[in-house]
Structure formats: C-alpha cells, structure tokens
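Each value in this text was obtained by applying a stated rule to the coordinates, not by laboratory testing. Computed from a prediction, not measured in an experiment: that's the story for all the values here. Don't worry about glycine lacking a Cβ; one is built from the backbone with ideal geometry, like all the others, and counts go over all protein chains shown.
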Amino acid sequence: MHPQIGRSVPRADGPAKVTGRALYVDDLTRPGTLHGATLRSAFARGRLRAITKDPAFDWAGVTVVTAEDVPVNVVALIADDQPVLVPPGGEIRHMYEPLALVACEDPLRLAQALLHLRVAVSLQPPVLDMHESLAQKALIVPPANVIKSYTISRGNAKAALERAAVVVTGTYAVHHQEQLYIEPQGVLAWWDDAGAHVTGSLQCPYYVQKGVKKTFSLPDDRIDVVQAVTGGGFGGKEEYPTMISLHALLLARKSGQPVKIIYDRKEDIEATTKRHPAEVEITTGCDRDGTLRAAVIKVLMDGGAYVTLTPVVLSRGALHAAGAYRWDHVLVEAVAVATNTPPNGAFRGFGAPQTIWAIERHLDKVARKLGLDPLYLKRRNALRLGDTTATGQVLKESVGSRKCIDAAAEASGYFEKRERGPVVHGRKARGIGASVFMHGAGFTGSGERRMKGRVALDALADGTFLIRTASTDIGQGTETVFRQIASDALGVPYASVDFAQPSTARVPDSGPTVASRTVMVVGSIVEKAARDLAKRLAAGEARPLTSEQVYDPPPGLFWDDDTYSGDAYPCYAWGCDVAEVEVDLDTFETKVVGFWAAADVGKAINPLMCKGQIEGGTLQAIGWALNEKIVWRNGAILNGRMTNYIVPTSLDAPPFETLLVEEPFSGGPGGGAKGLGELPMDGGAPAIASAVEHATGIAMDRLPLLPEDLFEAARAAQPARATGGDA
C-alpha cells in the first residue's frame, strides 16, 4: 500500500460534481415546499413605524412573517445586537435590513406579494463614512460608535521613532470586496416532531445551530443543521447562513410547510457581508542601512451596521499589521466603528490582507527613500527562526520566510528585472514587484483551547472507516485530505475511508471551517483518532468501534487576552509573491503577465490541491487589486450584478508558477502540515501595486488600481514631478 500523504490523489468529491450527481440546496425539495423571500428596507437609516398588507391584494395562500412572529428576536453571533427582523419602533441601520418575510407556492405571486407590503419609516440621516462615525457625527452604537478596539505594544515605539535615523509616514486604504461564491446563499428548512431542520449552503453547521437554539429556545437535540454540497464560501457563508436559516424556519413554522429561500445574485451581493474597508496609518523608523527599528500603526476598519464577526477580523488585522518583519519596538492601535452600511464579515484572510497591504506598501515607500530595492529591504528584515513577533512570540520552528523569498525571486528573475528597470514597448510598460507576508494558522491565542474541537472516526462492521466532523468541504478539498490523513494513520487503503455529510445531529463540533484551521487543527484530530483506532484494532477490539478525540494544542503556548501579548498562533504560514505587469500608458489598463507564488505550507498533504488553493486565492487577490469595486450611493449598492461587479475568471488568470516550500510544523498532521487557505489572499495586491510602480512610477497607496485611479494618480503627480517633488 502506498502512503497517501504527499500524493495528489484525485478529489473525492470530483466525480459527483463533474457528472451533475452532486445535489446543491436548490436541487433539494420536500413535499409541499414553499418559496420564501425577504422584504428589505429601502433606506439606509430610520425607524420602522409599521408594515401593513395592501387590502387590494389577494393574500390567500401567502404566509407573511413579521417581528411579532419571532420568539427571541436576535441573531446569535459574537454580540446579540442584530435583529432577525426589525420590530415596529425598531431602528433600521442599513439599506437592506430585513423587515418581513413572505412565502407561497408560486414564485411569481411571491414577488407580487412583496410589492404589496406597505412600509412606513421615519427617516434619519445615515452615517456612511467610517471617519464620520469615529468623529461621532451621529450615534449608531453607544457610546461612541466603536465596535471593538485592540492595542498591541512591544518596547517603546514612540520614543524609538524620535531616535531613528530615517522616519517615514504613510496612509494606506483598502475597499469592500464581495466574496462572489459561485452558488448564492440558500437554505431549505422544515419542522417535524423531531424539531427544526435546516439544510443549506454553509460553512459552519454549529454556528447555525447556535442561532436556531437562541431564537426558538430549543435544546440541541431538537435541531439538525445539515450542510448541502456547497459551491464556495470564502468566509461569506460563515455567519450569514444563520440569518437566512432563521428566516426560512420562521416561514416554515407559520405556514406549516417546508420553505426554501434561495437568493438571486443581486440580493446576495446587496444584503450579505463583505470584506471590511480599512485605512492604516504607519510611521516607521529605521537605520540608514535599512535595519527596521520601530513602527507605530493605527488601523481603522468599517464594521458596517452590526458587530457580526468584526472583533475577530479587527484582531487578525492588528496581529498582522507589523507584517513578516523584525521590529524592536511596535505599537498597534486598531479600532473598528459602525456605519449605516450592510454589516461586514469574514472574507478569506479576514483582516490580514487589509493590514498586510499597508505594511507592504509602506516598506516599498521606505525602500524608495533609502534608495534600496524593496525586496532586498524586506528580505533583510524578514522574521527568522528565533526572532520575536510584535506580540512577544518567539518563533521556535517552521519559519520559511527567507526560503519563500529566495524561491520566488529566483524563479521570477526578480532582481535582474528590477535592476534592468521597466521595459517599455511602444505605449506599454512592464514592471515587476514583490510582497512578503505570513498568516497565523488556527484561532488566535487560546481560542483553540477554549473551542476543544472534536472529531469522531468509526471503524464500521464492513471493514471501512467513516470520518465524522463538522469541518465542511466548500470546495477546498477537506473530504480528500482528511481521507488521506486517516488512511495513512490507520495503515489502510484510501478507498476504505469515507467522509460523513456534516450534520449537527450526527457529527461532533469540530469548530468552524475558518481561520486556516481545517487541515492543521482538525486534520490533526483526525490523525489522532485514526492512530487510536489502529492501536485498538491491533489489540483485538471488535468492530464496530468509534474513537472520538479532542484537539490538543501544542504545549508551552501562552496568550494574554488582556494585554494582547504572547503566542498569537501555534505557527505561521509564510509567503512571497512576485507579480509582473504590463500597463497601457494611454488607457492605464493593467494586465498581470506573470505571477510567482512561493508558500511555506509545512507539509503538502495533497500538492496539487495546495497549488490550487494558492492560485485560487491569488486570483481573488488580483481581482481585489485590479477589477473589483463596489459602487455606493446613499448607502445603496449600484453594481450588484456579475455584469458590473467584475471579478477575474479563469480566462483572466496570469501564467502561475506556484512553489511549495515545506518547513514542517510539529503540531501539524501528515508530518507537519500548516494552515494554507487564507495565506494566498494576503500578498497579491501589494505585489501588483509594487509592479505597477516599477513600470510607471505611480506609487498607489489605495486600492483598487482601476485605470481611472491610475490616471488620476498620474495626473496628480505631474506637478510634483515638474517641481522636483517626490511622486
């Protein structure tokens, strides 16, 4: 039998998906299923006075649910601040706030019914800008519109800046980004004698169970949440499925029939969470040879109308704000505020891409001032084995920063191309740029210890094995890699291991499918259970047999939530991206003509799928940098369709060269695997911006890099260049 770890075995879920046998939630139905829909606010801020039915409309066979029908009117997340439906007299905080629900058998009548619900609202002026919110132009969240704040301090950064030979200050901004998973949000819900049932397109079944438990005051054993085959999530199906599930269950309870709610693309883009916009102000001090000494970093994030997952997004952003670099002194002050825009949530990288964009562009600026190559400066200061991070964590193992830099630089010919300068052919210029980054794997601090994630592995009577876990496969390959891990640890053929459909009634709570924790954390529990079963079977225990195991965090880790210091993560994945671009000097259109991504993954369980994760995440980063921009007017999204919210497709993907670096982590499964899913989102945008700067001299500190943005930046820089200023 051949070992499975390190082999690119075919995806376990591939055949069913490519042949059409896989059933997504909209393929599912039950007898008597009704279609459900949501009545949403048409105003960004106000107070709901009343909702009434138009008496001229025939309401026969139509179920209407309002806040009066909600037992406990709260969506259970980090904070109990978001209503399931806005009650009469309640506050409308964003344009797409859910006000009422409608269900009926005919989709056409459903659409007509929504139009015949009359809404009376007392309007209030919305706060749509995070700077206005921070200045408390109008109060959204008492006492000061602040959702969450963190401070990270090491040494005395402000005093060190006063002593520094070279001080550089800059401000860097990023925008909303829509997850745009292929399959929109959707659930099918019903009630029976056993309780509440939800089958949906989702990442975290136990998150939904928590919400159902809170709103309907049900015990766990009266709730079954099942993950259907899911067409992508990227964080957008982490917490939002709780909301849509509650809506479907309310309609099902009142109608007495199953209810399916499937969002169309426009509603999905408008109403669901997005990447948090952010602005980051950085002041750094260094020696004249480029040795970094001190950094003072201020992070401001826009949380939107409700808390949702903003505290963890802001936390991750703060913890990555100093980048993959050594600093003797660091001060990070991070704050997230509320605005009257739809609440923001998780999106691949969740906070780190925002702050890594800032620190990478800032170090490009420092290098420019020192007359050094940016990647030379970054390599010189990159964290190495034995170094200490901004939170005081000593890096004791698995640090592949320099290996990633060297691999990407060599494969791309980076230093030779930079030294040669931009290449201009006619009215097109080519340039090359790089970024260096890391991403903490698993929950922050003591999160994994508190979670106590669980996995069960069954040795069945027929000689096969079944993995039971709440970790979902949303396209990243969980089913496949867990089977590889289990088969090797059991010493059995890969084909003899199966993967159970995640259901809160049948699988233990392994924790959510987030935070680059699936393979490193939950995969290690799978491996632990498999080894336990192998030992017990070898000792003669009879089938059927089950091993249920709990995650054991690596020993010796310490985290202080009060001071936000200590071992922030068990380990980090490391990366270096190099992008080569071609910019049209007339239209300012930018094309990525080459991309080299080196990633330290610890150990590649399935190398082909590792590369797929890196290339897919990188393409999302390219889209964030060059294509994607949500257009707002008075709190409304104007481009809520795939025809005008533009994401790159496979036809837009550049030639990728993906380089896997393996610096094993002792706490990872399969000989040292680390978290990978978030990492590829972190480096693409700053690498592209650096390449654009190399090609054109335009130094962009704000995303996106649309042609019109580059044009305006070039025009603004002309007077400065004419007078000898620094563009």
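Tabulated values for the structure
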| quantity | calculated |
| --- | --- |
| Rounded Å value of the spacing that divides the Cα centres of region 288-315 and region 367-420 | 21 |
| Relative contact order computed over the chain (Cα-Cα under 8 Å; 6+ residues apart), in percent | 16 |
| Span-rule helices in the chain, defined as complete DSSP H runs reaching 24 Å or more along the axis (Cα) with Kyte mean at least -0.5 | 352-370, 607-626, 680-696 |
| Net charge over other residues, Cβ less than 14 angstrom from the Cβ of Asp509 (K, R count +1; D, E count -1) | +3 |
| Using distinct alpha-carbon pairs, which all enter the 1/r mean, Kirkwood radius of region 405-538 in Å | 17.9 |
| Unit Cα scatterers, Debye sum, region 188-341: log10 I(q)/I(0) for q = 0.14 Å⁻¹ | -0.79 |
| Cα-only radius of gyration and Dmax that characterise region 261-325, units Å | 17.5, 61 |
| Positive-end extreme of charge dipole, the chain - chosen from Leu202, Gly635, Gly511 (charges on Cβ) | Gly635 |
| For region 405-456, alpha-carbon Rg and Dmax in angstrom | 21.1, 63 |
| Diffusion constant of region 430-487 at 10 °C, which comes from Stokes-Einstein with the Kirkwood Cα-pair radius and 1.306 mPa s, µm²/s | 105 |
| Relative packing of peptides 513-519, 621-627 - highest average C-beta neighbours within 10 Å first | 513-519, 621-627 |
| 13 Å beta-carbon shell around Arg49, net charge (K/R +1, D/E -1) | +1 |
| Coarse-grained scattering of region 157-232 at q = 0.11, 0.15, 0.16 Å⁻¹, given as base-10 log I(q)/I(0) from a Debye sum over alpha-carbon atoms | -0.50, -0.64, -0.68 |
| Calculated from backbone phi, Karplus (6.51, -1.76, 1.60) coupling profile of region 576-593 in Hz, x at Gly/Pro | 9, 10, 10, 10, 10, 10, 10, 10, 6, 6, 9, 9, 6, 6, 10, 10, 7, 9 |
| Karplus-derived HN-Hα couplings along region 63-78 (A = 6.51, B = -1.76, C = 1.60, θ = phi - 60°), whole Hz, x at Gly and Pro | 9, 10, 10, 10, 4, 5, 8, 8, x, 10, 8, 8, 8, 6, 10, 5 |
| Per-bin percent of Cα-Cα distances, region 276-391 [5 Å] | 2, 12, 22, 21, 16, 11, 7, 5, 2, 0 |
| Three-way shape label, the chain, alpha-carbon gyration tensor, a/c 1.5 | oblate |
| No Cys partner within the rule (Cβ under 4.7 Å), the chain | Cys104, Cys204, Cys286, Cys571, Cys610 |
| About the Cα centre, charge dipole magnitude for the chain (Lys/Arg +1, Asp/Glu -1 at Cβ), debye | 520 |
| Per-selection metrics, region 1-48 (Cα): Rg and Dmax in Å | 22.0, 67 |
| Placed amide H near Gln82: partners under 5 Å, 5+ positions off or other chain | Val75 |
| More than 18 angstrom apart: percent of Cα pairs within region 313-371 | 44 |
| Neighbour-count ranking [beta-carbon atoms within 10 angstrom, fewest first] of His175, His362, His439 | His175, His362, His439 |
| Cα pair distances exceeding 15 angstrom across region 1-84, given as percent | 80 |
| Rounded to whole Hz, the Karplus (6.51, -1.76, 1.60) HN-Hα couplings of region 385-398, x for glycine and proline | 4, x, 6, 10, 7, 4, 8, x, 7, 8, 7, 9, 6, 6 |
| Order of Ser650, Ser435 under a 10 Å beta carbon neighbour criterion, fewest first | Ser650, Ser435 |
| Rounded to the nearest 20 debye, dipole of region 445-539 from Cβ charges on Lys, Arg, Asp, Glu | 420 |
| Cα pair distances of region 585-687 binned at 10 Å [whole percent] | 14, 37, 27, 15, 6, 0 |
| Exposure proxy ranking, count of Cβ atoms within 10 Å, fewest first, for Glu238, Glu132 | Glu132, Glu238 |
